[in-house]
1. Taking the conditions exactly as written (in a helix (DSSP H, G or I) and away from ligand 2 (no atom under 16 Å from the Cβ)), does residue 220 satisfy them or not?
2. Filter segment 184-231 for residues that are closer than 18 Å to residue 250 by Cβ, crowded, with 17+ Cβ neighbours inside 10 Å and within 16 Å of ligand 3 (Cβ to nearest atom) and give the result.
3. Specify which of the listed residues (174, 194) is among the hydroxyl-bearing types (Ser, Thr, Tyr), within 17 Å of the chain's Cα centre (by Cα) and closer than 23 Å to residue 302 by Cα.
4. With the condition kept exactly as written, say whether any residue in segment 57-72 is in a helix (DSSP H, G or I) and either modelled with pLDDT of 95 or more or of a type outside the set (Phe, Trp, Tyr) (or both).
5. Among the listed residues 236, 301, 280, 315, identify the single one that is away from ligand 2 (no atom under 12 Å from the Cβ), at pLDDT 95 or above and among the polar types (S, T, N, Q).
6. Based on this model, can you work out whether residue 149 counts as of a type outside the set (Asp, Glu), within 18 Å of the chain's Cα centre (by Cα), over 24 Å from residue 214 (Cβ atoms) and away from ligand 3 (no atom under 15 Å from the Cβ)?
7. Among the residues of segment 125-136, is any touching a strand residue (DSSP E or B) at 6+ places or on another chain (Cβ under 6 Å) and open to solvent by 10 Å² or more (accessible area, probe 1.4 Å)?
8. Among the residues of segment 155-163, is any among the polar types (S, T, N, Q), in contact with a Gly (Cβ under 7 Å, 6 or more places away or on another chain), in contact (Cβ under 8 Å) with a residue 12 or more places away in the chain and surrounded by 19 or more Cβ atoms within 10 Å (Cβ to Cβ)?
Amino acid sequence: MSTATEARSQSSSLFHDVGAVRHDWTREEVRALFALPFPELMFQAQTVHRMTFDPREVQVSTLLSIKTGGCPEDCGYCPQSSHHNTGLAASKLMEVEKVLTEARAAKAGGATRFCMGAAWRSPKDRDLDVVCAMVEGVKALGMESCATLGMLTADQAQRLKGAGLDYYNHNLDTSPEFYGEIITTRTYADRLDTLAHVREAGINVCCGGIVGMGEGAEDRAGMITALATLPEHPESVPINLLVQVEGTALKNTKKLDPFDFVRTIAVARITMPRSMVRLSAGREEMSDEMQAMCFLAGANSIFVGGKLLTTPNPSEDHDRMLFDRLGMVAMPV
Ligand code: SAM
Ligand code: DTB
Ligand code: SF4
């Protein structure tokens, strides 16, 4: 058999129930998807993508750090951890009106979802009152709301739902085996508990991870397997490329081969066919061509606006031009 024929037959055996929503993905199956020849992987990802989505459309969110820095957690990648000396000034929780001014600007910039991030291990109940007021204000603007505040109890998730929160972001970050190399102050199980509380409260789940942290191919397969075997797939799956920040534990980590990043997007798309796959942190360092390849691999959401939480993101003008050059459009709510 020629190599091309072999690749096609290997691909077709992985392709038998393409697009079906499955929660029983095995590590072996996911590993095999990662190992496909690139053209086969991209073909499968595009096929799955088009079964549910218009390939021209990209959902657009804007992030705002509502409480920056001074976080007690030791996440090795994060500029906001108090375990790192990144020179980032810690600030208190923002006032509701200031947050809503930013939300209005995000809406004017074309975002349909406003995501509020806080550098907390978990929110205090009095802080949650303020965040609930922010969520109500964002909803009143006619935008979708999203928050990422650390670990939540079942009760806190219910309160956020009561305020109208649409999405909660809480990432698994990496494979269960690699996790302990990156974070020691909370466990994988803690994260799964928070995700269960969010799900039980009826809030949409946004959950993904980071690649380029020095993990191996097996860890990328482990991360996608963990996400794709959750009881329900997250509605949104952010795939972040590590933004290396001076002073963090992961600064100077060997850079990931860009094709391995695109592969991670494609495998997320194939294994979670109805989820929005977010091309998340790291776009500032990607070429336009690489971002286009991520869209072809099935990514269909991004953050717009010149800043993520604390690090740079492409400007709105740059993204508008990229969409125009590719004939792509912002997805309506
Ligand atoms: N403190 C909350 C938490 O960790 O759940 C919410 C904010 S935290 C900054 C949200 C997510 O941002 C993290 O889970 C991580 O996946 C991502 N993140 C943080 N720093 C990053 C970096 N330098 N590069 C890429 N992603 C990063
Ligand atoms: C996610 O997965 N990525 C976003 C969002 N969820 C909150 C955050 C990326 C943060 C990148 C580092 C920073 O700007 O501080
Ligand atoms: Fe804190 Fe979140 Fe950063 Fe971890 S990722 S240090 S929990 S802000």
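1. On the way: in a helix (DSSP H, G or I): yes; away from ligand 2 (no atom under 16 Å from the Cβ): no.
The answer is no for residue 220.
2. Residues satisfying the conditions are 186, 208, 209, 210, 211, 212, 213, 223.
3. Working: 194 fails: closer than 23 Å to residue 302 by Cα.
Sole residue among the options that is among the hydroxyl-bearing types (Ser, Thr, Tyr), within 17 Å of the chain's Cα centre (by Cα) and closer than 23 Å to residue 302 by Cα: 174.
4. Residues of segment 57-72 in a helix (DSSP H, G or I): none.
No, because not a single residue in segment 57-72 is in a helix (DSSP H, G or I) and either modelled with pLDDT of 95 or more or of a type outside the set (Phe, Trp, Tyr) (or both).
5. Details: 236 fails: away from ligand 2 (no atom under 12 Å from the Cβ); 301 fails: away from ligand 2 (no atom under 12 Å from the Cβ); 280 fails: away from ligand 2 (no atom under 12 Å from the Cβ).
Every option except 315 fails the conditions.
6. Details: of a type outside the set (Asp, Glu): yes; within 18 Å of the chain's Cα centre (by Cα): yes; over 24 Å from residue 214 (Cβ atoms): yes; away from ligand 3 (no atom under 15 Å from the Cβ): no.
Judged against the criteria, residue 149 is not a match.
7. no
8. At the first step, the residues of segment 155-163 found to be among the polar types (S, T, N, Q) are 156, 158.
The next check asks that each one be in contact with a Gly (Cβ under 7 Å, 6 or more places away or on another chain); those that pass are none.
No; the residues of segment 155-163 include none that is among the polar types (S, T, N, Q), in contact with a Gly (Cβ under 7 Å, 6 or more places away or on another chain), in contact (Cβ under 8 Å) with a residue 12 or more places away in the chain and surrounded by 19 or more Cβ atoms within 10 Å (Cβ to Cβ).
The values are calculated or read from the model by the stated rules, or taken from the named source; none is laboratory data. Bear in mind the structure is a predicted one, so any value in this text is a computation, not a measurement. Positions of Cβ are generated from backbone atoms using ideal geometry, with glycine treated the same way; all protein chains shown enter the neighbour counts. Ligands, DNA and RNA are excluded from the accessible area calculation, which covers all protein heavy atoms including side chains. Shrake-Rupley method; radii C 1.70, N 1.55, O 1.52, S 1.80 Å.
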